[in-house]
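Below you will find the structure I want to go over with you.
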Protein chains: 2
Amino acid sequence: MTDRLQRLLASLLISVPVAAAADEGMWTFDNFPAAAVKQKYGVDVTPPWLDRVRLATVRLGGCSASFVSPDGLILTNHHCVSACLAQLSSAEQDRLKDGFLAGAREQELRCPTQTADVLMGIEDITAKVNAATQGMDDQAAGEARKRALTKIEQACEQAAGSQDPRRCESVKLYKGGQYFLYQYKRFQDVRIAFAPEAAIAAFGGDPDNFQFPRWCLDMALLRAYENGKPVKSPDFLRINWEGPAEREPVFVSGHPGSTDRLMTVAQLEALRASIPQWLLRSAELRGRYIQFAQGGAENARIVADPLTNLENGIKVRRKQLDALLDGTMMAKKAQSEADLRARAGLAGERDPWEQTAVAARRSLEISLPYSYLESAAGFNGTLFSHARTLVRAAAERPKPNDERLREFRDSALPLVEQHLLAAVPIYPEREEITMSLGFMRLRELLGPDHPLVVRLLRSTSPEALAAELVAKTRLGDTAYRRQLWEGGAAAIAATDDPMIRLAAAVDAEARAIRKRYEDEVEAPIDAAAERIAAARFAAYGTSLYPDATFTLRLNYGTVRGWEEGGQAVPPFTRLAGAFQRHTGADPFRLPDSWLEARERLDLQTKFNLSTDNDIVGGNSGSALINAQGEVVGLIFDGNIHSISGSYWFEPARNRSVAVHPAIMRAALTHVYDATALAGELGLR
Amino acid sequence: MTDRLQRLLASLLISVPVAAAADEGMWTFDNFPAAAVKQKYGVDVTPPWLDRVRLATVRLGGCSASFVSPDGLILTNHHCVSACLAQLSSAEQDRLKDGFLAGAREQELRCPTQTADVLMGIEDITAKVNAATQGMDDQAAGEARKRALTKIEQACEQAAGSQDPRRCESVKLYKGGQYFLYQYKRFQDVRIAFAPEAAIAAFGGDPDNFQFPRWCLDMALLRAYENGKPVKSPDFLRINWEGPAEREPVFVSGHPGSTDRLMTVAQLEALRASIPQWLLRSAELRGRYIQFAQGGAENARIVADPLTNLENGIKVRRKQLDALLDGTMMAKKAQSEADLRARAGLAGERDPWEQTAVAARRSLEISLPYSYLESAAGFNGTLFSHARTLVRAAAERPKPNDERLREFRDSALPLVEQHLLAAVPIYPEREEITMSLGFMRLRELLGPDHPLVVRLLRSTSPEALAAELVAKTRLGDTAYRRQLWEGGAAAIAATDDPMIRLAAAVDAEARAIRKRYEDEVEAPIDAAAERIAAARFAAYGTSLYPDATFTLRLNYGTVRGWEEGGQAVPPFTRLAGAFQRHTGADPFRLPDSWLEARERLDLQTKFNLSTDNDIVGGNSGSALINAQGEVVGLIFDGNIHSISGSYWFEPARNRSVAVHPAIMRAALTHVYDATALAGELGLR
């Protein structure tokens, strides 16, 4: 024992910087470390530079993007518009597979569920929020905080008025230490102007995902519209087609989705124990999609987009789990936590780390019913999702705004409605797959004797129940969804649509487990996080960046490769490599357009590049920006080591991966003859 | 930090018995704690009792069983003969689904790949093995040990002669502390006499697997033959049809497959990090099988047996992973290890725990290529398995016996040949599924640039390659396999069969990774395990049981339920419960035979029971035996808490699950009218 403890003690003495090391950090625009950048790279990041970049940066659903012309043209990744392309496809015309180019602006096609946000203002509301929860116990504070945030958002939107409407969103930073109000201008009419074939956008497919070297033209062009006209975007970023030099300082402005670097060790351990369930369910679904796709080209098309997303998610979660099972990194985490706890001196009954540990263990106890009932893994599918939206909206919308479930507050309703009523294809075959899998695992994991399982499957099988629900529901019909949406609670109560009846039948149990989660996990963790954040600021000063929350961040770094197994990985790839990698079989088959254009192309054209910027999912589509504020690349991925960036930053190996401007120029001018768009982007 | 360490120290002081607690333990017959049983339960376990039970206990491939009549009749689980039933089925006659009853002995059907072993003798060969490795470094010792074991086995079989042939197998106990030679009498002609429908054998299917209360008639009757005649089995165990009383002392004699209770913490951590890969691959295959089965009844039949096995494996591994992610139990494990290390005082350069930790980390580094190349996850399927057997046998059989890969030593060849040449159906559709999945994940996980992946998939896709190999190979033809087996190296070199060529093409890389594993993982761990085992004996005495190794063990316990969430779970279920649980939809649909027999049956008949015996997989089919040496149950499962038994025994909740004799009697006499078998078993 002594020996083991001695080694443990020794391991704790290895120095681990707690604050940002190397170029780590996803900084908010109001707390960017400009002085550090100036000192390290000699680059002036001035307030006007920051304002311009902020106003040029666009948030899409789950992705980032930027204005690249004065007429509302938006550059993002192909994989950020793949859902739109799939929605605009049919058995006759597969725009996801074959790509799309609008011959003229009038031919640009509206993406049915796409929106685009630009961040207009940031306000610190920590004091207001804390005032609303003063003196309350954790559960009451949790409730009061939600109400306060809704009220603050509502007041903000009302103040903006209808002339220049704003979407106001509260943001919790530092896992609960600070609250901010972010004001966005939102565009709800976003159209696709250009996307290449999926085969070149995601060349190498899942096997090459998160790998580098790489050859992906993962680009697309959208355009924001207002009142049927392209919007003016004077703060756009110009593309520098030559791209950056190796070691050149570069910036990434975008919306990293979610990191857990400030989680306590107990939270990370609970997270680690919960990931396998997600992975198992997703791997099984992957198998079902792949087997279904064997049934023919139309089957393959139907599952193409969800399969790609699923495979991406599986790789991310798999490597996240590997990271959390890495004893060395977890020991470092434990050490920095021990260091902070020692400095904080908060031991005792209300020790926030202990409080968090208790709540984290509770989260594990309820994670299965929470996933299967409230997160709807047990009823997985678009049709059920619509049914739940309709059932809950009918119950929530009549309530005062600040007493509703947060996703039905006034400011959220336009997007809810857009998603619910969009006329996009729903495939019964796919719905049957996801739903029968949901019922099967619901029964396996909650057990055949769980009262809800007994109610659902008393005299039928998961497969038969899913088939019947999908066949009999009318929710595939947009007009019927609209009728129920507008009819409200009376219409929901009156309909015998079986999917609505299912959603209504499971709602009480789903809400109950959500309430338990909010009271027993979220509320105590929020309360503890506030005290931990205060301790962290006291110990290390305020030059700390918050965890990613899919809000606007800026980071800095340089163009560079890394060392893998003793071998240098250079930071640039060139077009010749793509032709060498072409095997003729998906996903290593270049599209015909590129095979035919080969003679016209310079094979030395730079294709993809790697940088040491600290990014995560959500940064997809972000512009890579040089000191002059020009676009010198398009972030679309990280290398495999970047996935552990969810929990810590490894400066030696964590790299972002971007599309080089030179290959975008070659594509627009020599492969796709996108003359008008090329001209708009400053190419002759 | 101090605070955290203090809590760690405190946790280490909780008392955890290192030696067997409660009725924990899977004891070898030569070291059974008869005195402890006498003291606790007043039962005399005498040497004649042990001999008789040993000679009545049968080892099947992966399962246990026992003789229950003097004419070679063997009682085991339905799930232990499901492979046989599937092999004896076709599109026209589904014996797995519909069951089987031989009208007379002449109609009993030979199971093509089934064997049955009875343990005849045990010899301690530790000294001989140690003498062969004296003074060698770990790698040389590893090689020498394998050669020595093969020689000892060979000498044993030669000494037995051909009159009364023996199968001699060496066994490593205590993870390497002791070596034994086990002599078996083997029966290679085993026939199926009776099996009920799968729907009653595994009533509740995967959802109810590892659950209790339970209603499964998981029984089957085999018969061992020699020279075309039923064998005589004078040491059979009589069935006591009344079964045991609650709290009655009971014994389980059988072959627990594998436990890792003596693994070091470092080994358990490496194991924990390796399980997700297996789970992910298996979950994906599960999805593919389930989706394939949607294609119709014949599709469903083709994958029924492998799907059941896969689902069982997934549940086991999933709960094993949960166990290894349980911080409390791992902390206890760490504490008992620290205690032993402190007593052993072996710190220093050759500290066996450190040596094991280094090797365990190395095992993680090579686990992916090892799984995909040597364990053939990358080429998964029966056809490839046959191809590898043929390719390797051709290379190995000409070598001296003790220089071959161990699985091709003389004593192993009869079983290798039986499996290779059995005329059992191979389904191309299933082969394509497993093989294409193998290629896909081989490419994903070793990476598209791995030289072997490049070689295989330079101009094709995993799906196309699998389809081509399966379509073009002739290995589905038993006669062709025999021709290649008998033709040896020349025939293998000459054939252009693509599956043989594939197996030959990947063999060098597979062997190389196996050699690395043996040298860098197995050899140092074996060497360290010897010193750890010695330290354990020195510290705690010799009354320790070894980890399970699929060799004969006896354990004791009592008939009892447990408490689950504050509720008592009684130890017996009754037939009425099965009818209540019947929903009409698989897997909760009782077969027609039972629905029709309902009026003739006593609904109070006991069905399944639970006991606190310490069992794991491999014990399936074991007789539950009372003090008088009578069969009072048929082990077929454990409860969900039993799965953590791989790593530790939780006396409060770990339970085994058995079929009650009363339901077997009711089935034979009132449902299936198995008059002759019933008479042979002593029923009128």
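The values are calculated or read from the model by the stated rules, or taken from the named source; none is laboratory data. Being a predicted model, the structure only gives us computed values, none of them experimental. Counting neighbours? That spans all protein chains shown, and the Cβs are built from the backbone with ideal geometry, glycine included.
Do we find a residue being touching a Lys or Arg at 6+ places or on another chain (Cβ under 7 Å) and hydroxyl-bearing (Ser, Thr, Tyr) anywhere in the stretch A:566-578?
Checked against the condition, which is being touching a Lys or Arg at 6+ places or on another chain (Cβ under 7 Å) and hydroxyl-bearing (Ser, Thr, Tyr), the stretch A:566-578 yields at least one hit.
Quick check: is even one residue across the stretch B:628-641 within 14 Å of chain A (Cβ to nearest Cβ) and acidic (Asp, Glu)?
Looking for residues that are within 14 Å of chain A (Cβ to nearest Cβ) and acidic (Asp, Glu), one finds none in the stretch B:628-641, hence no.
Considering only the stretch A:109-131, state which residues are buried (at least 18 other Cβ atoms within 10 Å of the Cβ) and more than 30 Å from residue A:80 (Cα to Cα).
Hits for the stretch A:109-131 are A:125, A:129.
Could you say whether any residue in the stretch A:473-495 is among the charged types (D, E, K, R), closer than 30 Å to residue A:280 by Cβ and touching an Asp or Glu at 6+ places or on another chain (Cβ under 9 Å)?
Within the stretch A:473-495, none of the residues are among the charged types (D, E, K, R), closer than 30 Å to residue A:280 by Cβ and touching an Asp or Glu at 6+ places or on another chain (Cβ under 9 Å).
Is it fair to say residue A:588 is touching a Lys or Arg at 6+ places or on another chain (Cβ under 8 Å), modelled with pLDDT of 95 or more and within 14 Å of chain B (Cβ to nearest Cβ)?
The answer is yes for residue A:588.
Is it the case that the stretch A:395-403 has a residue that's among the aliphatic types (A, V, I, L, M), in a helix (DSSP H, G or I), modelled with pLDDT under 95 and surrounded by fewer than 20 Cβ atoms within 10 Å (Cβ to Cβ)?
Among the residues of the stretch A:395-403, not one is among the aliphatic types (A, V, I, L, M), in a helix (DSSP H, G or I), modelled with pLDDT under 95 and surrounded by fewer than 20 Cβ atoms within 10 Å (Cβ to Cβ), which makes the answer no.
Report the residue count in the stretch A:208-229 for those that are touching a Cys at 6+ places or on another chain (Cβ under 9 Å) and either buried (at least 24 other Cβ atoms within 10 Å of the Cβ) or closer than 20 Å to residue A:57 by Cα (or both).
Of the residues in that region, 3 qualify.
Select from the stretch A:54-83 the residues that are farther than 20 Å from residue A:167 by Cβ and in a helix (DSSP H, G or I) and list them in ascending order.
Hits for the stretch A:54-83 are A:78, A:79, A:82, A:83.
I would also like to ask the following. Counting only residues that are assigned to a loop (DSSP other than H, G, I, E, B) and more than 29 Å from residue B:318 (Cα to Cα), which one in the stretch A:258-306 is farthest from the other protein chains (Cβ to nearest Cβ)?
A:296
So the check is Cβ under 6 Å with 6+ separation or different chains; which pairs have a first residue in the stretch B:438-466 that's within 17 Å of residue B:368 (Cβ to Cβ) and touching a residue at least 12 places away in the same chain (Cβ under 8 Å) and a second one that's in a loop (DSSP other than H, G, I, E, B) and not aliphatic (A, V, I, L, M)?
Pairs found: B:438/B:380.
For the stretch A:552-577, give me the residue count where each residue is touching a strand residue (DSSP E or B) at 6+ places or on another chain (Cβ under 9 Å), within 13 Å of chain B (Cβ to nearest Cβ) and either in a loop (DSSP other than H, G, I, E, B) or hydrophobic (A, V, I, L, M, F, W, C) (or both).
Residues meeting the conditions: 1.
Within the stretch B:307-330, how many residues turn out to be closer than 18 Å to residue A:364 by Cα, of a type in the set (A, V, I, L, M, F, W, C) and in a helix (DSSP H, G or I)?
Qualifying residue count for the region: 5.
Would you check which residues across the stretch B:432-470 are acidic (Asp, Glu), within 8 Å of chain A (Cβ to nearest Cβ) and over 16 Å from residue A:311 (Cα atoms) and list them?
Selection gives B:463 alone.
Evaluate the following for residue B:85: is it in contact with a helix residue (DSSP H, G or I) (Cβ under 9 Å, 6 or more places away or on another chain), modelled with pLDDT of 95 or more, buried (at least 20 other Cβ atoms within 10 Å of the Cβ) and of a type in the set (A, V, I, L, M)?
Spelling it out, residue B:85 is indeed in contact with a helix residue (DSSP H, G or I) (Cβ under 9 Å, 6 or more places away or on another chain), modelled with pLDDT of 95 or more, buried (at least 20 other Cβ atoms within 10 Å of the Cβ) and of a type in the set (A, V, I, L, M).
Name the single residue that is nearest to residue A:202 (Cα to Cα) among those in the stretch A:632-655 being surrounded by fewer than 24 Cβ atoms within 10 Å (Cβ to Cβ), within 22 Å of the chain's Cα centre (by Cα) and aliphatic (A, V, I, L, M).
Restricting to residues being surrounded by fewer than 24 Cβ atoms within 10 Å (Cβ to Cβ), within 22 Å of the chain's Cα centre (by Cα) and aliphatic (A, V, I, L, M), the top hit is A:640.
For residue A:549, work out the one condition from (1) among the β-branched types (Val, Ile, Thr); (2) outside any strand (DSSP E or B); (3) within 14 Å of chain B (Cβ to nearest Cβ); (4) surrounded by 18 or more Cβ atoms within 10 Å (Cβ to Cβ) it doesn't fulfil.
The number of the failed condition is (3).
For residue A:357, which of the numbered conditions (1) in a helix (DSSP H, G or I); (2) out of contact with any Asp or Glu (no Cβ under 6 Å at 6 or more places or on another chain); (3) closer than 30 Å to residue A:455 by Cα; (4) among the aliphatic types (A, V, I, L, M) fails to hold?
(3)
Tell me, which residue of the stretch A:331-389 that is among the acidic types (Asp, Glu) and touching a residue at least 12 places away in the same chain (Cβ under 8 Å) is farthest from the other protein chains (Cβ to nearest Cβ)?
Across the stretch A:331-389, the extreme among qualifying residues is A:374.
Another question, if that's okay. Of the conditions (1) modelled with pLDDT under 95; (2) surrounded by 19 or more Cβ atoms within 10 Å (Cβ to Cβ), residue A:328 satisfies every one except a single condition; which number is it?
Looking at each condition in turn, residue A:328 falls short on (2).
Mind checking whether some residue in the stretch A:473-493 is in a loop (DSSP other than H, G, I, E, B) and of a type in the set (A, V, I, L, M, F, W, C)?
So far as the stretch A:473-493 goes, yes, one or more of its residues are in a loop (DSSP other than H, G, I, E, B) and of a type in the set (A, V, I, L, M, F, W, C).
Inside the stretch A:172-209, can you point out the residues that are in a loop (DSSP other than H, G, I, E, B) and either touching a Lys or Arg at 6+ places or on another chain (Cβ under 6 Å) or over 27 Å from residue A:546 (Cα atoms) (or both)?
Hits for the stretch A:172-209 are A:188, A:196, A:197, A:202, A:203, A:204, A:209.
Would you be able to say whether some residue in the stretch B:596-604 is touching a residue at least 60 places away in the same chain (Cβ under 8 Å) and of a type in the set (S, T, N, Q)?
Checked against the condition, which is being touching a residue at least 60 places away in the same chain (Cβ under 8 Å) and of a type in the set (S, T, N, Q), the stretch B:596-604 yields no hits at all.
Go through the stretch B:598-651 and tell me which strands (runs of 3 or more DSSP E), entirely inside it, have 1 or more residues that are out of contact with any Phe, Trp or Tyr (no Cβ under 9 Å at 6 or more places or on another chain).
Hits in the stretch B:598-651: B:606-611, B:631-638.
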